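The values are calculated or read from the model by the stated rules, or taken from the named source; none is laboratory data. No experiment lies behind these values; they were computed from the predicted model shown. Quick reminder, even Gly has a Cβ in these numbers, built from the backbone with ideal geometry, and neighbours come from all protein chains shown.
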Amino acid sequence: MEDARIEDAKAEAARIEDARIEDSGLEEARTEDLEEIDTIIAELEVSKGRGNLIICVVNAPAYRDGIIRTLSRRFRTKVIAVEDGEDVIQSLKSGDFGDAGVRIWTMPEKLTEELADALNNFRELFYDSGVPSLVFMSQSFLDDVIRRAPDFWRYRGNYYELKGRDRGPVFEAIDVLATSLRYQSKEDLLRRRRINEYLLEKVKDEKETVKILDELGEISYNLGDYDNASDYLKHELKLSEEIDYNRGVLRSLHQLGILAKDRGDIAESCRLHCKSLRIARELGDKSAVSRSLHQLGMLAQATGDITEARRLYGESLKILQDLGDKSGVARSLHQLGMLAQATGDIVEARRFYEESLKISEELGDKSTISKSLHNLGAIAQATGDIVEAGRFYNEGLKIASELGDKSGIASSLHQLGMLAYDTGDISEARRLYGESLKIKRELGDKSGIAISLHECGILAQRSGDLTEANRLFNESLKISEDLGDMSGIARSLHQLGVLAQARGDIAEAYHLYGDSLKILQDLGDMSGISRSLHQLGLLAQLSGDIGEAKRLYGESLKISKELGDKSTFLKSLFNLGVLAQNSGELKKALSLYGDSLKIAQDLDDKTGIAFALAQSALLEEEEGNLEQALDLIREAEALFMKLESPTAENARYVRERLEKKIAVEKMSEGNET
C-alpha cells in the first residue's frame, strides 16, 4: 500500500483501537483472566482426540459469549445451551457433534433436581466420546453442583474461575446511615415536613425549635433536598451553640457529617463526626456514641482502611447489643456485610445482609430493608445469578421509590445498568446509567456522579458520539479535581486525549496524555503508564518522529509484557511492525505482525486481526508472494467490512491490485508456453 494509504490505515487503527469497538466482550478482561484463557486453550489443544471434562466459572453471559467466540476461532466447536437434564442426556448419548473438536456446554442459571441427576449419572460419557468438553457455569450454579451433584464435581478435570471485566469503581453498594428517623413512605415524610414547618413558625421555646430544625433537616435529607437539609442543620447548630444546648450541637454535627460525606468531602465529614463523638462521650450518650462510631466506620471503609472500619463497626455493634437497639444492630450487620463483600468473602457478606434483612423486616424498617435487598442483589450478580440479582435490585428499587429515597433509586438504577451491560444490552445500560446520573446530579452526590459519568462517557465513545463523550469526560474531570481524586483525573485526561487524537488534534492529545502519564507515574500505576506510553508512541509515529515512537513503544511493550497486559502489548507490537516495515526491515516486520496476529486471535480482537493480516499481505506482496498476499488481504477485507470500517476500501484496492498482478503473471506464463 502506498505511504498515504499506510498513514490512512494507521489513523484508522488508532481510531478504532482507542474507541475500543470490539466484538469479543473481552476488551476489559482482567490480566489474570487472559492468562487463564490461554491455559484453557493450551489444555484443549492437549486434549484433542480424547475426552476431558473442564469446568469454567463465568458470571456475566456477555463475557462468557466473548470467550466462546475466542475459542471458536481456534477450534471447531459445538455449543450446547443446556436448559434441562434431558439436553445433557440426549447430547451425550447421540454423540452427534459433527466435526467438532471441542464441545462447549453453557449451563442455565439454576441447577434443577433433574439436571443434577443427569450430571451425576451420566458423567462418564463426558470422557467416553473422545472429545474434550468445556462446561461454563456461574458461581451460584457451581455452589449448587458441589452440594447436589458431588459425583459430577469430583469427576471433573481442571477447574477455572474467571473474574469478568475489570470494572473499576463502578459497583455501588448502599451504606446504611446511623439515623433515628423512621418512616413508611414518601407521603409520610411530606406530611411530617408540613407539620414541622407549621410548628417552626408557632413554637417559641428555643430547645423545641432545635428539635424541629433537626427533624426538618433529616426529612429534607431523606427526600434528596440536600440544600435545604444543610440550611436547617446549620441553623440548628448555630442556635444550639448560642443557647449552649450540647445535644442539639451533637445531632446537627452528626447530620452535617453525613451530608459532607455524600457530597464527597471526606475530610470535613471526618472532622464533624469526630467532634460529635467527643460530645456524645462527654454527655454519656451511648446511643449517640454508637452512631458516630458507625459513621466513622463508613468513612474508614470509603478510604480503604478496612481494618479500622471493622474495628469501629464492631465497637458500635457491641454498644447497640448492650442497649438492645435492634434497629442499630441491623445497621451494623449491614455494614459488616459490606466489609466482607469488599474483601471478597461473599458467603460471610450474604450471611450479614440476610441477618440485617431479617431484623429490619421484623421492625418494619423499610429503609434498611431496601438497602439490604440491593446489596443481596450485588452478591447474586457477583456469583452470576443474573435473574436473582435483577429480582433483588427491582425489589429494593420499588421500596426506595415508595420512600422517596433518591440516593437508593440512583444506586439501584446504576446496578441494573451493570446487569444490562453484562447481558449485552448496551442501549438499556445507557438508559439506566443516564437515569442514575440525572438523580445523582439532583442530589449533588459528587462521588456517584463521577462513577456514572465515566460509564456513560465510555458508552458514548463506543457508539461513536465523540461530542457527548467529550462533554461527559470533562464533567468527570472537573468533579475528580474538586474531590482531589488523582486516579480519576488521570483517567479522564487519558480519555480526553483519545478523543483529541480521534479528531486530529495531535498537539492537544500530546498534552493530555502527558499530563495523565505524569499523574500515573506519581501514583505508580504501571498499567496506566503502559497505556499512556503506547498512545504517546502512536502520536509520535503519526507525527513522523520514528525514533521517539520506537522508544515509547519499546517502553510500553516492556511494561505490558511484565504485567501480562496483552491488549496493550498487541498494539505496541503491531505499531513496531509498521515502523520496521516503513524502515525496510521486512523480516523483522513480518515477525512482529505474526506475533501480533497470534495475540489478536487469542483475544478475538477482530480489529487487531484485520490489521495484522493486511500488513502481512503487503509484506508478502513486496516479497513477491502474490498468492499468499491475496489470501491474507481477502481475509482482512472481510473483517474490515464486518467492522464497517472505512479501511475496507483500502483493503479492496490492494485486493484488486493483487488480482490484476496475478492475472498478468498467468497471462505471461501462458504466452511463454
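Y232 meets the conditions (1) touching a Leu at 6+ places or on another chain (Cβ under 9 Å); (2) in contact (Cβ under 8 Å) with a residue 24 or more places away in the chain in every case but one. The failed one is (2). Selection of helices (runs of 4 or more DSSP H) fully inside the range 207-299 by the criterion of at least 3 residues being under 24 Å from I195 (Cβ atoms) returns 226-242, 246-262.
Taking the range 84-127 as the range and being among the hydroxyl-bearing types (S, T, Y) and in a loop (DSSP other than H, G, I, E, B) as the test, only T112 passes. Does R310 qualify as being over 18 Å from E355 (Cβ atoms), out of contact with any strand residue (DSSP E or B) (no Cβ under 7 Å at 6 or more places or on another chain) and either hydrophobic (A, V, I, L, M, F, W, C) or touching a residue at least 24 places away in the same chain (Cβ under 8 Å) (or both)? Here the answer is no, as R310 does not meet what is asked.
Here G554 clears all of (1) under 23 Å from the mean Cα position of the chain (by Cα); (2) surrounded by fewer than 17 Cβ atoms within 10 Å (Cβ to Cβ) except the condition numbered (1). Residues in the range 636-658 that are at pLDDT 85 or above, surrounded by fewer than 16 Cβ atoms within 10 Å (Cβ to Cβ) and among the acidic types (D, E): E656 alone. Given the condition crowded, with 20+ Cβ neighbours inside 10 Å, modelled with pLDDT of 90 or more and among the hydroxyl-bearing types (S, T, Y), answer yes or no: does some residue in the range 283-304 qualify? Scanning the range 283-304 turns up at least one residue that is crowded, with 20+ Cβ neighbours inside 10 Å, modelled with pLDDT of 90 or more and among the hydroxyl-bearing types (S, T, Y). Selection within the range 181-227: residues that are in contact (Cβ under 8 Å) with a residue 24 or more places away in the chain and of a type in the set (K, R). The member of this set that is farthest from L259 (Cα to Cα) is K207. Selection within the range 434-449: residues that are in contact (Cβ under 8 Å) with a residue 60 or more places away in the chain and among the aliphatic types (A, V, I, L, M). The member of this set that is farthest from E481 (Cα to Cα) is I439. Checked against (1) surrounded by fewer than 16 Cβ atoms within 10 Å (Cβ to Cβ); (2) in a helix (DSSP H, G or I); (3) at pLDDT below 85, G130 meets all criteria but (2).
When E242, E236, E268 are checked against the criterion of being among the acidic types (D, E), farther than 24 Å from K318 by Cβ and surrounded by 22 or more Cβ atoms within 10 Å (Cβ to Cβ), E236 stands alone in meeting it. Sub-9 Å Cβ pairs linking a first residue in the range 476-495 that is outside any helix (DSSP H, G or I) to a second residue that is at pLDDT 80 or above and of a type in the set (A, V, I, L, M), at least 6 apart or interchain, are D485/A450; D485/I479, ordered by first then second residue. Of all residues in the range 195-209, those satisfying the criterion of being loosely packed, with under 11 Cβ neighbours inside 10 Å and closer than 17 Å to E242 by Cα are K204, D205. Within the range 360-383, the set of residues being within 25 Å of K110 (Cβ to Cβ), in contact (Cβ under 8 Å) with a residue 24 or more places away in the chain and either of a type in the set (D, E) or not in a helix (DSSP H, G or I) (or both) comprises just one member, T383. Looking at G337, G364, just one residue is out of contact with any helix residue (DSSP H, G or I) (no Cβ under 8 Å at 6 or more places or on another chain) and either surrounded by 22 or more Cβ atoms within 10 Å (Cβ to Cβ) or closer than 23 Å to I219 by Cα (or both), and that residue is G364.
Hey, does the range 19-38 have a residue that's modelled with pLDDT of 80 or more and either over 29 Å from the mean Cα position of the chain (by Cα) or small (G, A, S) (or both)? No, because not a single residue in the range 19-38 is modelled with pLDDT of 80 or more and either over 29 Å from the mean Cα position of the chain (by Cα) or small (G, A, S) (or both). Of the listed requirements (1) closer than 22 Å to S220 by Cα; (2) touching a residue at least 12 places away in the same chain (Cβ under 8 Å); (3) surrounded by fewer than 21 Cβ atoms within 10 Å (Cβ to Cβ); (4) of a type outside the set (G, A, S), D405 misses just one: (3). For the range 319-350, filtering for residues that are under 25 Å from A410 (Cα atoms) and in a helix (DSSP H, G or I) leaves 18. One residue stands out in the range 326-372 among those that are among the hydrophobic types (A, V, I, L, M, F, W, C) and under 21 Å from the mean Cα position of the chain (by Cα): the one that is nearest to D405 (Cα to Cα), namely M338.
Of the residues screened, L199 is not one that is under 20 Å from D405 (Cα atoms), in contact with a helix residue (DSSP H, G or I) (Cβ under 8 Å, 6 or more places away or on another chain), among the hydrophobic types (A, V, I, L, M, F, W, C) and assigned to a helix (DSSP H, G or I).
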